[in-house]
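What follows is one structure encoded as structure tokens, with my remarks underneath.
The values are calculated or read from the model by the stated rules, or taken from the named source; none is laboratory data. Remember, it's a predicted structure, so these values are computed and weren't measured experimentally. Heads up, the Cβs are rebuilt from the backbone with ideal geometry, glycines too, and the neighbour counts pull from every protein chain shown. With ligands, DNA and RNA removed, areas are computed over all heavy atoms of the protein, side chains included. Shrake-Rupley method; radii C 1.70, N 1.55, O 1.52, S 1.80 Å.
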Amino acid sequence: MVFDVQFGWNGTITEVMLGATKTEGGTRSHSYRIGGGKTLPFLETIPNSSAPLIAFEICDNPQYWSPIILSYCGDLVNDCGEWAKTADSVYGADMVRLYLTSTRQRNFSDIASVGKTVETVLSKTRLPLIIEGSNEPKIDSEVFLKCGEVGQGERLLLGTAEAGRYRSIAAAAMAYNHSVIAQSPIDVNLAKQLNILLKEIGVSSDHIVIDPYTGSLGYGFEYSYSAMERIRFAAQKGDDDLARPIICSAIDTLTVKEVREAETAIQDDVAVQWEFTTGLAAAAAGAEIICVRHPRTIPLLRKAFTSLKSEKTDVGGQ
Amino acid sequence: MALKALDIYKLLPKKNCKECGDPTCLTFAMKLAGGKTDVDLCPYLDEGAKAVLGATTRPPIRLVKFGIGERSFAVGEEFVLYRHEKTFYHPPGILFKIADNQTTDEIQAVTTRVLNESFIRVGADLRFNGIAIENASGSADTFARAVETVEKTADLPLALMAKDPAALSAALAHCGTYRPLIHAATGGNYNEFCALAKHHDCPLVIKENNIDKLAQLGKDCITKGVQDLVLDLSPDSLQAFIVRSTNIRQLAITRVAPELGYPVFLDASVMDQQDAALVLGISKYASVIISNPLPQATAKAALTLRQNIYTDPQKPIQMNPGLYRVGTPNKDSPVLMTVNFSLTFFTLQGYLESTRVPCFMLIIDTEGLSVLTAVAAGKLSEMLVKESIKKFAVEDEVSHRTLIIPGYASPLSGRIEETTGWKVLVGPRDAAEIGDFLNEEWKK
Ligand code: B12
Ligand code: SF4
């Protein structure tokens, strides 16, 4: 080219490994390496760099899950093992993100059941797992340790660490070699601060994924989009404390007015478009793991990512 | 490189005569530095200064206008690669495409839809912008007839998509005075296309799949006297679009390649994934996007994304603080307090309207922050509530002294009671439950 395009980027996103195959000490069919980018998303053609990963979100107590998904997925929602298996074999996800919503009931204390659930899901699906543990500081430690222990060797991604509560999850991740999701509310400085806190207690930089919090389309996405861009941009400019891959999960998407109140005949379409639009725009802003809840969103995102990046990495053997 | 305001000031006549529309030469210099005004507005600049300033102070991306009348729109005049550095100013126009060999009914239906369909979100009226007519038939007559049909149905901005200058000329006979966008001049036909664009004073898309060739073609068209250019990078994949569009934006705003300082055009309808192309076009610098008429689900998502990306993230859309009425409230009607973030206001207002209970909404100035955000940031305080009650004379409007506050503001309830002397009722967190709440708690 005659023109010399200069962006002044010199930073690289730290690579994080997710999932472990047999040769890597786990039981997953795939393992992924995310990160490694040196430019804004999709501007470079690095052979073997992975397209953004698509994680399908499930839970072990669907009481508060969107009615749209309950009706689309049917009975599966009551059996998270089968649901996870279907995410792999039918829906075609890259990862499964399991929310341990059962732990969110008042006075929950059955930690053994958490272990069982994780075990079941690990045995039913061969995809790498993201696990969302408890929401309650009192049981955090036990829940996270249980997840960590059951998933030992599988290089899980554990969520979610926040500025006020990150020790239990960090301890579990370090003890069993898993990675951690670090969530901060839509702010580049808070994201940085949390990464520093995690670094200080010993979580290594290649075990952290940033969740800048994704407001759903029309309800905060305008801020989240910028937060992702700013994190990625700062990293590209050399800020090492922000040079981490980003995960995007717009958990409120299926409850926003446009989706909730859509006519029944097109409600699934609206839900899918809302997730797709958010996920693709977030990927363009820098997110490398895109979480969705509607199975039909997966093939659409997959097709777009394939056209944006030619190769999917499969770093481990079988 | 852009000049600083003081450097520019040194080159100005320093007469402070106000003829440029600015109060002083210095303010004019500051505006020039921000690309917000035009050097030509100062009549006393000498040619040398003009030459220096002209090249560096015009907006790095030219403003190009389409159509005339109410629905006309302008794109370009953007300054940044990242919207948080400044903001994005001109949302892309999205035009629905029709083929000239479709039936008259079909053409009218799409045109009427673009004319009338509107999607109201947070007080803004979101619409598609115009119609792109493609000369799919290859016949000049058919093309002209289709353009005439659209033209008779609505005054909307048009894009004329043709390869044959004769077809274009026939179409321009119908709509040439309404500033349609002409698509597209290429290395092979630019002489004829430029002549038509110049004759009708229309913006012109230039099309090449290589940035160097595109820049050369742009120069050629300018030499022919066409200034309002739009760039079609004819990407063959989503990745090709992002790469070319990002490079062009960067080259333009850094003024490395002023010949690329024009808005970008994207025909999403010819990409193999139209929905994905729309999303990426909106987020990655396309200014004119062509798509086939969209189903409802996609239409709303695309318009919402466009609204989000073109909202200044540093300035949430705000309401004026004050006392608003829902229905015709009287002295006994409830008063509900909330913040001046427009999304919050319109969400709550929507639910209140459907409850059919007349009431007052007291809107507090939280600088556009939502309830939770304002509480977390300390922007919603009992003092502010007290001042607002006074300022908006709420005590003259109602005879009771009970204030309903949002569920998320419950930590403030005690302090608000103490400071204002009003009784506080903590409402639900979710505005969707406001109807039940008013029926159960208020009517008691
Ligand atoms: C977008 C967003 C931002 C945007 C600001 C958007 C804005 N204009 O307010 C930005 C990025 C600037 C931001 C900043 C901050 N944020 Co913020 N933000 C959000 C986010 C994602 C969405 C907020 C939103 O738009 N909600 C939609 C509106 C419509 O909701 P709403 O105003 O509450 O209205 C609803 C109800 O309250 C009710 N309602 C409203 N009025 C009334 C009135 C009555 C009478 C009744 C009955 C009901 C009612 O109806 C509405 C619909 O149900 C939330 C997360 C979330 N899911 O809520 C975090 C969140 C609110 N932010 C949070 C925080 C901590 C912050 C910061 C302090 C930290 C930071 N990031 O720097 C800053 C503070 C800002 C500042 N100036 O310092 C936290 C608050 C934690 C807490 N529980 O206190 C949240 C919950 C995120 C989190 N999970 O940590 N934020
Ligand atoms: S017109 Fe020229 S001389 Fe007069 S105030 Fe403006 S900049 Fe100064």
Quiz item: If you wrap chain B's Cα atoms in a convex hull and average its projection over all directions, what's the area in nm²?
Solution: 25.9 nm²
Quiz item: When the distances between all Cα atoms of region B:64-309 are binned every 5 Å from zero, what whole-number percent does each bin get?
Solution: 1, 7, 15, 19, 21, 18, 12, 6, 2, 0
Quiz item: Do you know which residues of region B:247-285 lose at least 20 square angstrom of accessible area in the protein assembly compared with their chain on its own, with a 1.4 angstrom probe?
Solution: B:247, B:250, B:251, B:256, B:272, B:273, B:275, B:276, B:279, B:280, B:283, B:284
Exercise. Taking chain B as the reference, fit the longest principal axis to its C-alpha atoms, fit the long axis of helix B:238-253 to the helix C-alpha atoms, and give the angle between the two in degrees, 0 to 90, nearest 10.
Key: 90 degrees
Self-check item: Of B:425, B:168, B:32, the one that fluctuates the most in a GNM where chain B has Cα springs shorter than 10 Å
Solution: B:425
Quiz item: If you take the accessible area of A alone, add that of B alone, and subtract the area of the pair, what total do you get in Å², probe 1.4 Å, to the nearest 100?
Solution: 3900 Å²
Exercise. Evaluate the distance, in nm, between pseudo-label points positioned 7 Å from the Cα of residue B:125 and of residue B:52 along their respective Cα→Cβ axes.
Key: 4.8 nm
Quiz item: How about residue A:124: which lysines have a C-alpha closer than 22 Å to its C-alpha, ignoring those fewer than 8 places off in the same chain?
Solution: A:22, A:85, A:116, A:146
Quiz item: Any idea what angle helix B:274-283 forms with the longest principal axis of chain B, computed on alpha-carbon atoms, 0 to 90 degrees, nearest 10?
Solution: 80 degrees
Practice problem: Along Cα→Cβ, 7 Å out, is where each label goes; now give me the distance between the ones at residue B:400 and residue B:63 in nm to one decimal. | Solution: 5.1 nm
Quiz item: Once the other residues with Cβ under 13 Å from the Cβ of residue B:166 are scored (Lys, Arg +1; Asp, Glu -1), what is the net sum?
Solution: -2
Exercise. Using only the Cα atoms of region B:261-395, each taken as one equal point scatterer with no solvent, compute I(q) by the Debye sum, divide by I(0), and report log10 of the ratio at q = 0.14 Å⁻¹.
Key: -0.77
Self-check item: For a label point 7 Å along the Cα-to-beta-carbon line of residue A:71, residues of region A:248-265 with backbone N under 12 Å
Solution: A:260-265
Quiz prompt | Residue-normalised accessible area of the protein assembly as shown, expressed per residue, 1.4 Å probe, Å² | solution = 40 Å²
Quiz item: Can you give me the Cα centroid spacing of region B:238-280 and region A:266-296 in angstrom?
Solution: 22 Å
Quiz item: If you project the alpha carbons of the protein assembly as shown onto the principal axes, what extent comes out on each, in Å, largest first?
Solution: 79, 76, 61
Practice problem: Rounded to the nearest 0.05, what FRET efficiency do residue B:331 and residue B:14 give with R0 = 41 Å and r taken as the Cβ-Cβ distance? Could you check? | Solution: 0.10
Quiz prompt | Principal axis box of region B:138-271, alpha-carbon based, largest edge first, Å | solution = 42, 32, 26
Quiz item: Which of the residue pairs A:138/B:443; B:18/B:219; A:257/B:315 have a Cα-Cα distance greater than 31 Å in the structure shown?
Solution: A:138/B:443; B:18/B:219
Quiz item: Roughly what would the spin-label model give for residue B:106 and residue B:379, points 7 Å off Cα along C-beta, in nm?
Solution: 5.0 nm
Practice problem: Would you mind checking the tilt of helix B:342-355 against the longest principal axis of the Cα atoms of chain B, expressed as 0 to 90 degrees and rounded to 10? | Solution: 60 degrees
Practice problem: Please find, in a Gaussian network model of chain B (springs between Cα atoms separated by less than 10 Å), the residue of B:161, B:383, B:361 whose mean-square fluctuation is greatest. | Solution: B:383
Quiz item: Gap in Å between the Cα centre of region B:92-157 and the Cα centre of region A:182-246?
Solution: 43 Å
Quiz prompt | chain B: most fluctuating residue of B:176, B:378, B:76 per GNM, C-alpha cutoff 10 Å | solution = B:378
Quiz item: Tell me, in nm to one decimal, what length is gained between residue A:106 and residue A:79 on full extension, where the rule is 0.36 nm per residue of separation less the Cα-Cα distance?
Solution: 7.6 nm
Quiz item: Hey, which of these cross-link pairs are over 21 Å Cα-Cα: B:86/B:213; B:331/B:391; B:36/B:224; B:331/B:423?
Solution: B:86/B:213; B:36/B:224
Self-check item: Overall Cα dimensions of chain A, principal axis frame, Å, largest first
Solution: 62, 50, 39
Quiz item: What is the ratio of the Cα radius of gyration of region B:244-320 to 2.2 N^0.38 Å, where N is its residue count, to two decimals?
Solution: 1.28
Quiz item: Which of the lysines could a cross-linker span from residue A:303 if the Cα-Cα distance has to be under 17 Å and same-chain partners fewer than 8 positions apart are dropped?
Solution: A:312
Exercise. With a cut-off of at most 15 other beta carbons within 10 Å, and DSSP calling the residue loop, which chymotrypsin sites (Phe, Trp or Tyr not before Pro) in region B:93-151 qualify? Please list them.
Key: none
Quiz prompt | Whole-percent carbon and sulfur share, accessible surface of chain B, 1.4 Å | solution = 50 percent
Self-check item: Euclidean distance between Cα centres, region B:304-341 to region A:15-80, Å
Solution: 38 Å
Quiz prompt | Charge sum, other residues only, whose C-beta stays under 14 Å from residue B:376's C-beta, Lys/Arg counted +1 and Asp/Glu -1 | solution = -2
